[in-house]
Amino acid sequence: RLTPPLHGERRRFAVLLPRIHEPQDAVRIAARIFETVARPLELDGQLFELNIATGIALFPWDDQEVDGLIDCADQALDRAIEDRGGVQFFSKPMNALSDDRLALEDSLRGALERQEFVLHYQPRVDGESGQILGTEALIRWNHPQQGLMAPGGFIDVAEQSRLIIPIGNWVLEEACRQNRAWQDGGLPPIPVSVNVSAIQFRDAGFADCVARALAASGLPASLLELEITESVVMNDAAEAIRTMRV
């Protein structure tokens, strides 16, 4: 029985082309595959539209072994996915970027234990009265070699490796703890907002994590705001609503 992929799910398959005369032959075949796959598919009365991205590696220029050639094609596919579809040939600089990504992921894996993350807080201020209405928690990474890194330098890698879940949980706990500490210090109660990754939001333990962060800090739930993107809700509105009601 043919089953459609879940929302946001990616499935990969490989095509071996033993008789092509030039690289553009591979592009033409990829285009034909795209035209076929992109046609709307009806299953059980529901209409599905699939997106496709293609990574191409060439023998013998990119690699002369099967495993190496597949790895090169896989790296090219990752780049094509980042570019939101289309066709991407493997290139040597891409291999260097892949090595850099793996090194960054390795560093990320121990960053929580080494207490290398820190939160900065950006206030929301009333333009007329100057009163602070709330604050947003923004994560930074004290990288051992590269110094203080903004989220743009590591969040994509954290999401692809699913390290975003423990990192995001730490952000929730630390933001709640800090907001409670401000109140205990005599500051007026203001909400703190936390950006939530789509991967973290869809994790089965997300609601429990929010509850634990509030309980551990003693912060009232009304003083914690969770910011999620529209795409999170639109991908599966019913499931998103159930999660938010919990």
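What to note about this one:
- When residues in region 34-69 are screened for being open to solvent by less than 100 Å² (accessible area, probe 1.4 Å), under 15 Å from Leu17 (Cα atoms) and of a type in the set (A, V, I, L, M, F, W, C), 4 of them pass.
- Positions within region 107-139 being surrounded by 10 or more Cβ atoms within 10 Å (Cβ to Cβ) and over 24 Å from Glu173 (Cβ atoms), in sequence order: Val125, Gln131
- Among (1) at pLDDT 80 or above; (2) outside any helix (DSSP H, G or I); (3) open to solvent by less than 50 Å² (accessible area, probe 1.4 Å), the one test that Ala30 misses: (2)
- Among residues of region 199-225 that are closer than 15 Å to Ile167 by Cβ, those with a beta-carbon under 8 Å from a residue that is open to solvent by less than 50 Å² (accessible area, probe 1.4 Å) and of a type in the set (Phe, Trp, Tyr) at least six positions away or on a different chain give the pairs Gln200/Phe206.
- Some residue of region 82-90 being among the charged types (D, E, K, R), open to solvent by 100 Å² or more (accessible area, probe 1.4 Å), closer than 29 Å to Ala158 by Cα and modelled with pLDDT under 75: yes
- Residues located in region 222-240, provided they are at pLDDT below 95, closer than 19 Å to Gly168 by Cα and of a type outside the set (Asp, Glu): Leu226, Ile228, Thr229, Ser231, Val232, Val233, Ala240
- Residue-level check: of (1) without any contact (Cβ under 8 Å) to a residue 24 or more places away in the chain; (2) open to solvent by less than 40 Å² (accessible area, probe 1.4 Å); (3) in contact with a Lys or Arg (Cβ under 8 Å, 6 or more places away or on another chain), Ala150 misses just (2).
- Counting the residues of region 148-173 that are at pLDDT 90 or above and not aliphatic (A, V, I, L, M) gives 5.
The values are calculated or read from the model by the stated rules, or taken from the named source; none is laboratory data. Small disclaimer: the values here were computed from a predicted structure and weren't measured. Glycine gets a Cβ as well: all are built from the backbone with ideal geometry, and neighbour counts include every protein chain shown. Keep in mind that these areas ignore ligands, DNA and RNA; they rest on the heavy atoms of the full protein, side chains included. Shrake-Rupley method; radii C 1.70, N 1.55, O 1.52, S 1.80 Å.
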